[in-house]
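For reference, the structure discussed in these notes is given below.
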Amino acid sequence: MERKLILKEDIVSTLKKIGVSEGQTLMVHTSLSSLGFVCGGAQIVIEALLECVGEEGTVMMPTQSWKNLDPKAGVHWEEPEEWWQAIRDHWPAYNKEITPTNTMGVVAEMFRRWPGAMRSDHPARSVAAYGKHAQYLTQDHDLSNIFGEGSPIGKLYELDGLVLLLGVGYDKNTSLHLADVRADYPGKHLVTESSAIMIDGERVWKSYETLYVDGEDFERIGEDFEREYKVSKEILGNGIVRFMSQRRLVDFAVNWMEKNR
């Protein structure tokens, strides 16, 4: 496929066309490379988003650093098992100012360092936010409550927020994990995770219980969701942009999981 050239004005125009407007609160997932050649890279994507929601709006993105988990969970699959204890003993403690993202994309990686952006305290599943509700969304991100009520994703639901997928599919749609928490289905279970964090100025390898994170059927959920509800979609360069109500998506996904899992 021939790569398309995308300018900042193209992004702004597309966002406005699908319904992004001032004062909205957005959860944004982005794959820059899937869009084509974005002239100006991650910077102009963030600028376009912030311009569209304005001073009264809020933008949030996942800034997960899931390499800061126990190697037995498979996050260090490329390293031999004899190194696992060394990783547990020496992996740097989470620092929301410094710790880089893992596979979140260049836009999220730049966004976490954007002047004025705030980042939550979860050592493996953090989010960053900028704007009116940034502090509310990012504060009190409990170790065991990654995606549930009172988490950043749960708070987005309370605010009647929206989800924007820029060149990515439903497999990257973090809001579906809130449905995972709410739904009642067979096989749902907790797991113990561990991460390096700072407690009273000292690095600690901390274990905590949380819901098992499973997103294998998220694409199927998205396909069925779009059969039942109209989702705003536009082509941007080589990619597809989707825009939807988070509440509507989560409510649909809860019912879907209870019927199909």
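Odds and ends about this structure:
- Annotation: amide H-H contacts under 5 Å for residue 232 (H modelled 1.01 Å from N, sequence separation of 5 or more, or interchain): 243.
- Per residue convex hull volume, Cα atoms of the chain, in Å³: 133 Å³
- Relative to the longest principal axis of the Cα atoms of the chain, helix 42-53 runs at roughly 70 degrees.
- In sequence order, calculated HN-Hα J values of region 211-217 (Karplus, 6.51, -1.76, 1.60; Hz; x Gly/Pro): 5, 4, 8, 9, x, 5, 9
- Between amide H atoms placed 1.01 Å from N, distances below 5 Å from residue 70 occur with 194, all of them 5 or more places distant or on a separate chain.
- Taking every protein chain into account, the 1.4 Å probe leaves residue 84 with about 50 Å² of accessible area, to the nearest ten.
- A Gaussian network model of the chain, with springs between Cα atoms under 10 Å, assigns the largest mean-square fluctuation among 130, 157, 185 to 185.
- Kirkwood hydrodynamic radius (C-alpha pairs) into Stokes-Einstein, region 131-261, 37 °C and 0.692 mPa s, D in µm²/s: 203 µm²/s
- HN-Hα J in Hz across region 191-200 - Karplus 6.51, -1.76, 1.60, θ = phi - 60°, x for Gly and Pro: 10, 9, 10, 9, 8, 8, 9, 9, 10, 6
- Over the chain, relative contact order from alpha-carbon pairs under 8 Å, at least 6 apart, %: 23 percent
- Phi-based couplings in Hz for region 245-261 (Karplus 6.51, -1.76, 1.60; Gly and Pro marked x): 6, 5, 4, 4, 5, 5, 4, 4, 5, 4, 5, 4, 4, 5, 8, 10, 8
- Taking 233, 17, 132 as the candidate residues, the one with maximal mean-square fluctuation in a Gaussian network model of the chain, Cα springs under 10 Å, is 17.
- Relative contact order of region 108-226, taken over Cα pairs closer than 8 Å and 6 or more residues apart, is 19 percent.
- Remark on residue 144: its backbone amide H falls under 5 Å from none of the residues 5 or more positions apart or on other chains, H modelled at 1.01 Å from N.
- Think of the chain as having a plus end and a minus end, set by charges on the Cβ of Lys, Arg, Asp and Glu; of 126, 38, 213, 38 sits farthest toward the positive end of this dipole.
The values are calculated or read from the model by the stated rules, or taken from the named source; none is laboratory data. Note that the structure is predicted; figures quoted are calculated from it, not measured. As a convention, Cβ positions derive from the backbone with ideal geometry for all residues, glycine included, and neighbour counts pool all protein chains shown. Remember, those area values only see protein heavy atoms, side chains included, never the ligands or the DNA or RNA. Shrake-Rupley method; radii C 1.70, N 1.55, O 1.52, S 1.80 Å.
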